[in-house]
1. Filter the range 139-161 down to the residues that are surrounded by 20 or more Cβ atoms within 10 Å (Cβ to Cβ) and within 12 Å of the chain's Cα centre (by Cα) and list them by number.
2. Being assigned to a helix (DSSP H, G or I), at pLDDT below 90 and surrounded by fewer than 18 Cβ atoms within 10 Å (Cβ to Cβ) is the requirement here; does residue 106 meet it?
3. Pairs, please: C-beta under 8 Å, at least 6 apart or cross-chain, first residue on the phi > 0 side of the Ramachandran plot and touching a residue at least 12 places away in the same chain (Cβ under 8 Å) and in the range 17-29, second surrounded by fewer than 14 Cβ atoms within 10 Å (Cβ to Cβ) and not in a helix (DSSP H, G or I)?
4. Would you please name the residue that is farthest from the chain's Cα centre (by Cα), looking only at residues in the range 162-198 that are at pLDDT 95 or above and surrounded by fewer than 20 Cβ atoms within 10 Å (Cβ to Cβ)?
5. Mind telling me which of the residues 72, 85 ends up being at pLDDT 90 or above and closer than 23 Å to residue 169 by Cα?
6. Which residue, of 128, 149, 201, is more than 21 Å from residue 71 (Cβ to Cβ) and either in contact with a strand residue (DSSP E or B) (Cβ under 8 Å, 6 or more places away or on another chain) or modelled with pLDDT under 95 (or both)?
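The values are calculated or read from the model by the stated rules, or taken from the named source; none is laboratory data. Bear in mind the structure is a predicted one, so any value in this text is a computation, not a measurement. Cβ placement follows ideal geometry from the backbone for every residue including glycine, while neighbour counts extend to all protein chains displayed.
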């Protein structure tokens with residue numbers, strides 16, 4: 001009995017510590033840089049987290065295969081289409097109106113200069129989040145779950161981590177696609193799709209505010 005409890009505790013610790021680590025980094029960076037420099041705090045947290053999460057991912061004998069250039073570009077294009085479609089659907093359904101925290105987060109992120117949006121939202125965030133949610137969380141779930149179950153659970157985890165209803169629903173739907181991309185094309189494919197989805201969202205926002 002005690003052995004099972006200790007195994008469960010170890011599994012939970014192994015599963016949740018990367019997200020706690022990333023959140024602590026973001027919180028610490030936020031305290032240092034202040035609310036007026038949210039983008040700098042997020043960038044700083046991602047830059048510190050990425051090499052750590054990558055080292056852990058490599059150490060854990062990661063799943064997946066290496067994608068070729070064509071597969072990576074295809075995943076990026078698929079992500080852009082996915083991001084545009086889901087953002088349009090969310091706008092049509094008025095989901096953002098039910099989430100004040102989403103509107104505040106969007107206000108902070110989309111108020112940044114375009115170059116910083118592309119750097120943070122389309123490069124650094126996808127790298128850090130794919131290492132965390134697909135590279136580590138999804139891979140750990142796949143040790144004991146079939147692909148569909150690991151995809152659903154990791155997508156729920158990804159959506160819940162965003163902290164509001166609108167981004168939670170969006171994150172869950174995107175997370176399902178990212179898990180499939182990770183399974184088929186490895187980490188590079190999932191990162192490319194995530195980069196594409198965020199790029200599509202940024203360009204869509206730019207189009208409507210132009």
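1. Across the range 139-161, the qualifying residues are 154, 155, 157, 158, 159.
2. yes
3. Once the first residue is on the phi > 0 side of the Ramachandran plot and touching a residue at least 12 places away in the same chain (Cβ under 8 Å) and sits in the range 17-29, no partner that is surrounded by fewer than 14 Cβ atoms within 10 Å (Cβ to Cβ) and not in a helix (DSSP H, G or I) comes close enough.
4. Here the residue is 180.
5. None of the others qualify; the one that does is 85.
6. Result of the check over 128, 149, 201: 201.
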